[in-house]
Amino acid sequence: PNPPALVSFPSTDVLADSLAAFIVKAQKDSLDKKGRFTIALSGGSLPKMLRGLIGNPGVRWDKWQVFYVDERVVPLDHPDSNHFACMTHLFSKVPIPADHIHTIDQSLLNDLEELSDAYEKELIREFAQKDSARFPIFDLILLGMGPDGHTASLFPGHELLTEEDRWVAYIEDSPKPPPRRITFTLPVINHALRVVFVAAGKEKTDTLSQVLDHPETGLPSARVKPTFPVINFLHAEGIAGTSGLEL
Ligand code: 6PG
C-alpha cells in the first residue's frame, strides 16, 4: 500500500473547497468507468465539511449511491443520527434522490444483530451482484478521526478491530455515547478505492502524528491501509503537510 499523505490547509473553508473538488473528481472518474458513484459518509464534523458540494455544478446527484460508514442506533430524525446530520447539512439542500441514500432500517432499532445484518444486506444488494466481490469496493470512503484515534465506530483495543469476515458489525459498548452503534468493518474500509480522513482541529494534532509516524501502535485509524492512498486533512498549526490534493 501507498503511505498515507497528510495535507494541511490554512482553514476549514479551504479544506471544504478542496474536499469538494476532490469528491467531484473521484465521482467523474467513477462515472466515466462504470456510470455510478458509491460513497460512504461519517458523522462528527464531516457532514458540515461537505458544504462545498452544495450548489456545485460538477456533482451528478442522480448517480450517487450513499451509505453510512457507521451509524448510531437511534431514530433517523434524532440529533445523534449521522444520517440526520448529513440531511441537515447537505442532503436537504441538494437534489439527491431519496432512495439513493441508504439508511439503517428504523424498524429494527431494538435488535442490533438484525439491524446490522439488514444493513449488510443493503450493501450486498448494491455491490455483490454488480461486482461479485468478497468485500464491497467503494469509490470513496470519508472518515473522521477522534482524538483517541478511533474511526468509524472502531475504538482502540476493541475486539471488532480483528473482524475479518463481516461487512457490517454492531457494538453495544461504545466508549463514546451513544453506546449502541453499527459500523463498517476494517476490511470494508480497506477495500475502498479511495479513503480520506477529515481530521481538522488542533486537538487531533498529536493523534495524527501517532497514527502517521507510529502506525505500529495499532490505533484504529492506523489500521486503515487501503491499496490506494489514504489522505489526511488537517488545518492545525504545528504539522507540516503537503498542500496539494491529488486524486
Ligand atoms: C461518533 C462521532 C465520531 C467522530 C470523530 C471525529 O460517532 O461518536 O461521529 O466518530 O466522527 O470523533 O469527530 P469530529 O469530526 O467531530 O472531530
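The values are calculated or read from the model by the stated rules, or taken from the named source; none is laboratory data. On a predicted model such as this, the values are computed, not experimentally measured, just so you know. Note that we place each Cβ from the backbone using ideal geometry, even for glycine, and neighbour counts take in every protein chain shown.
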Residue in the stretch 166-184 that is touching a residue at least 12 places away in the same chain (Cβ under 8 Å), more than 16 Å from the ligand (Cβ to nearest atom) and either assigned to a helix (DSSP H, G or I) or closer than 23 Å to Asp117 by Cα (or both) present: yes
Hits in the stretch 21-51 (condition: within 16 Å of the ligand (Cβ to nearest atom) and more than 13 Å from Ile96 (Cβ to Cβ)): Ala40, Ser42, Gly43, Gly44, Ser45, Leu46, Pro47, Lys48, Met49, Arg51
Of the criteria (1) among the aliphatic types (A, V, I, L, M); (2) under 18 Å from the mean Cα position of the chain (by Cα); (3) away from the ligand (no atom under 16 Å from the Cβ), which one Val69 fails: (3)
Some residue of the stretch 150-160 being aliphatic (A, V, I, L, M), assigned to a helix (DSSP H, G or I) and modelled with pLDDT of 95 or more: yes
